[in-house]
1. Say whether the condition of being modelled with pLDDT under 90, among the charged types (D, E, K, R) and surrounded by 13 or more Cβ atoms within 10 Å (Cβ to Cβ) is met by at least one residue in segment 156-173.
2. Does at least one position in segment 79-96 carry a residue that is more than 18 Å from the chain's Cα centre (by Cα) and farther than 30 Å from Ile237 by Cα?
3. Within segment 273-311, which residues are touching a residue at least 60 places away in the same chain (Cβ under 8 Å), among the hydroxyl-bearing types (Ser, Thr, Tyr) and farther than 19 Å from Gln252 by Cα?
4. Does Lys410 count as at negative phi, touching a helix residue (DSSP H, G or I) at 6+ places or on another chain (Cβ under 6 Å) and either at pLDDT below 95 or charged (D, E, K, R) (or both)?
5. Please go through segment 58-92 and give me each residue that is in a loop (DSSP other than H, G, I, E, B) and in contact (Cβ under 8 Å) with a residue 60 or more places away in the chain, ordered by number.
6. Can you tell me which residue among Tyr24, Tyr36 is crowded, with 23+ Cβ neighbours inside 10 Å and in contact (Cβ under 8 Å) with a residue 24 or more places away in the chain?
7. Restrict the check to segment 236-246 and report whether at least one residue is surrounded by 12 or more Cβ atoms within 10 Å (Cβ to Cβ), assigned to a loop (DSSP other than H, G, I, E, B) and under 26 Å from the mean Cα position of the chain (by Cα).
8. Does Leu340 meet the test of being touching a residue at least 40 places away in the same chain (Cβ under 8 Å), more than 29 Å from Ala441 (Cβ to Cβ), surrounded by 14 or more Cβ atoms within 10 Å (Cβ to Cβ) and not small (Gly, Ala, Ser)?
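The values are calculated or read from the model by the stated rules, or taken from the named source; none is laboratory data. Small disclaimer: the values here were computed from a predicted structure and weren't measured. All Cβ positions, even for glycine, are placed from backbone atoms using ideal geometry, and neighbour counts span all protein chains on display.
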Amino acid sequence: MDSKSPSYDAIVIGAGFTGMYQLYMLRKMGLSVKGYDLAEDFGGNWYRNRYPGCRVDTESHVYCYAFSADILQEWSWSEQYASQPEVLRYLNFAVDKMDIREHYQFNTLIISAKYSDAQNLWFVELGDGSTQSCRFLFSATGPLSIPQMPSYDGVNSFLGEAYHSYFWPRDEAGSPTGKNIDFTGKRVGVVGTGATGVQIITEVAKSAGELFVFQRTPNWCAPLGNGPIDTKMMDGIKENYGEIIDFVKNTQSGMPHTFLDKSALEVSDEEREIILEKLYKEPGYGIWFGNFYDLFTNKEANILVSKFIEKKIRERVNDQQIADKLIPKNHGFGTKRVPLESGYYEVFNQNNVHLIDIHEDPIVKILPNGIRTGSRDHELDIIIYATGFDGITGALDKIEIVGKNGDSLKEVWADGPSTYLGLQVSGFPNFFTLVAAHNGAGFCNIPICGQMQVEWIDKMLRHMKQHSLEFVEPSVQAENEWTEEVYRLMEKTLLGQTDSWFMGINSNVAGKNKRRALVYVGGSVRYRETCEAIERDGYKGFLMR
């Protein structure tokens, strides 16, 4: 194909919250565009994750498309923290409102994306062997979309039912819900106690005959505080949506929580206890993103908050030896993602629930009839793997992305991502990475923060269209300065001292053991203000022609 006739002006990879909105905005600009996704339909992670107990940990009414008054006013949420089926129904409602259904192709694997410098085009190879070309390429693959199975010996030998949380079977064709597995009287093993594992364990414990929880690393969990949203409450939200959206766009997390303007060290023990008790009882992430301002930066302050959460765990778990195992020893509260729960700790007061610390009693092998640890064999009917994801960069690693110098993105990022604003990479012109490394992925309310990224890119592309420009990439200097800023900010926090997927450490993924800052921790407001300043300065740091 010659440079004047690409298949499409733009291609979007991903059909979740951000990818769908990006495609919609490109269509509004008048560009020809095609979206691809490996799944069978819209929804991104909310299409895939159908496991028992799956729901949002951000308030439903702000886990939304804020750009559309019609969507805000016409959709009513039923719960303060929506379940997966409701989120998926919402996304399909939004798809029809945006009228983008015909522009997506599903069940489509992206093999490679290679840039032609001579033609200033990207050539995208699909799983069926065909190739499509475009001027602009957008990845909206999500920060947690590449699930990881453990590499235990015999993992494929189990003869009972085995499920990974990400690949939970559908209830039936076209249904937004996952298959209702009957756990009644069954011996169930759950491997993993991250945010997903916590939700699954709490749900499965309601009916399982025996539940064996294989815990590698305990997490600091806090109450979700879910409840129904009645008509009166929803009407009040709709009436005040303008103020609500303005507020969350100006918080550090894109959520309806702001940090306190005081240090945990400057208040008395009594006042600190009152404040933390109040936060603990409030629904949502107030305990994480509405805590003392130095929670993430001052070790002494973090220890005080962690001791409070430890006390709450001990109050809720009867057996203090079990409580000891459930309390993290290698990181402070909030320095890794905080799972929100609805009775998780009380599960371990049930006689039919058994906690196996696999640091003390490691998994040796998966057997045809269960799981062997160092001390014994655990006979099981069902195994559920909640073993996490290859976070942030995993999805892009799966695609052979080759830039103008013949270098692959995976090779360029071998020692960690290097980006400008987390949106572009030098040497990869006209390629945009949304809700990805260095732009807030994993540390922000994705629908709100992703929307702001899409809208900023939209202004850039309109600027380029107005000036007849068809090429944009960051300068090496701008990229290096931004990447250094990402690391500088991370190093000032306790998150930078903690092993987590925020820092590229993932024990489930071979080779993912280098410390490298994957997320931007400067906050949503600072990120937006930086982007706006660059825009005012004529898109400083971007090379355009």
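1. So far as segment 156-173 goes, yes, one or more of its residues are modelled with pLDDT under 90, among the charged types (D, E, K, R) and surrounded by 13 or more Cβ atoms within 10 Å (Cβ to Cβ).
2. no
3. Within segment 273-311, Ser306 is the sole residue that qualifies.
4. In short, yes.
5. The answer is Thr58, Glu59, Tyr63, Cys64, Tyr65, Ala66, Phe67, Ser76, Trp77, Ser78, Gln80, Tyr81.
6. The unique qualifying residue is Tyr24.
7. no
8. So Leu340 does not fit the description; no.
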